[in-house]
Amino acid sequence: MKLFVFDHCPYCVKAMMLVGLKALPVERVYLQNHDVESRIAMVGANMVPILQKADGSFMAESLDIVSYLDNLDGKPVITLASQADAVSQWQEASGYFSSRLLYPRSVLLGLPEFGSQEAIAWFTQNKSAMIEMSFEKALAQTADYLEGLAKCWPRLDWLQLPSERGNKLNIDDINLFPGLRNLTMVKGLVFPARVRAYIEEVAALTQIDLYDDRVV
């Protein structure tokens, strides 16, 4: 099987979490960010992640891929969500700040999906439009966005570490962790101790690399 992904994409990370958690023999293939044609050829839409199954067929939708991979051996381990509303509220509150912190930095880390200037330009154009400002301006306003994000942390006061629940993961973790993991690329961002412990524990369980060694 092959999993077509971008390293920075939260939806892709959801699928990659299952590959690492269950040590599945899935080849990770990094697409170039601007290569829309390849994605459409596989699933008829411009989306990632994309899983190519053993029979050669393709499937998309991150949570569908998570469920498929988790059930391959007939022994699913991901349990149902218990804090879905709280996760959504955190994402809604923090999204304005995190998008402006993450988009400009994603193209500066040497990630495989940005292996050409065309890929960088395509991402920059599209994401600049989404945040309604240039990446340069967003980077210049980092302090403001860090301040705004800091005010959102109390929305995660319910967070329970995997080590406190038998190192088991649930759908809340699948939805929450990718965005928190990406924030490890932001230089000067100080995580609350419990949130940082959560990130490290989930990363270890799922074999997902953090960005601590390349902060910008």
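The values are calculated or read from the model by the stated rules, or taken from the named source; none is laboratory data. Keep in mind that this is a model prediction, so the values were computed, not measured. For neighbour counting, all protein chains shown are included, and Cβ atoms are generated from backbone atoms with ideal geometry for every residue, glycine included. Heavy atoms of the whole protein, side chains included, go into the accessibility calculation; ligands, DNA and RNA do not. Shrake-Rupley method; radii C 1.70, N 1.55, O 1.52, S 1.80 Å.
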Return the residue satisfying two criteria in turn: it lies in region 6-52 and is part of a strand (DSSP E or B) and not polar (S, T, N, Q), and of such residues it is surrounded by the fewest Cβ atoms within 10 Å (Cβ to Cβ). Glu27
Using the structure shown, decide if Glu118 is touching a His at 6+ places or on another chain (Cβ under 9 Å) and open to solvent by 80 Å² or more (accessible area, probe 1.4 Å). yes
Consider region 78-96. How many of its residues are open to solvent by less than 60 Å² (accessible area, probe 1.4 Å) and either among the β-branched types (Val, Ile, Thr) or more than 20 Å from the chain's Cα centre (by Cα) (or both)? 2
Which of the helices (runs of 4 or more DSSP H) contained wholly in region 141-216 include at least 2 residues that are open to solvent by 10 Å² or more (accessible area, probe 1.4 Å) and within 18 Å of Lys14 (Cβ to Cβ)? 171-182, 193-206
Pairs please, first residue from region 9-37 and over 14 Å from Gln52 (Cβ atoms), second anywhere and among the hydroxyl-bearing types (Ser, Thr, Tyr), Cβ atoms under 7 Å, 6+ apart in sequence or on different chains. Tyr11/Ser62; Lys14/Ser62; Met17/Thr206; Gly20/Thr206; Leu21/Thr206; Gln32/Ser116
Please indicate, with yes or no, whether at least one residue in region 166-180 is farther than 24 Å from Ser67 by Cα and in contact with a helix residue (DSSP H, G or I) (Cβ under 7 Å, 6 or more places away or on another chain). no
Subset of region 60-79 (residues that are touching a residue at least 12 places away in the same chain (Cβ under 8 Å) and closer than 14 Å to Val19 by Cβ): Ser62, Ile65, Val66, Tyr68, Leu69, Asp70, Leu72, Asp73, Val77, Ile78
Which count do you get for residues in region 53-77 that are assigned to a loop (DSSP other than H, G, I, E, B) and more than 22 Å from Phe6 (Cβ to Cβ)? 9
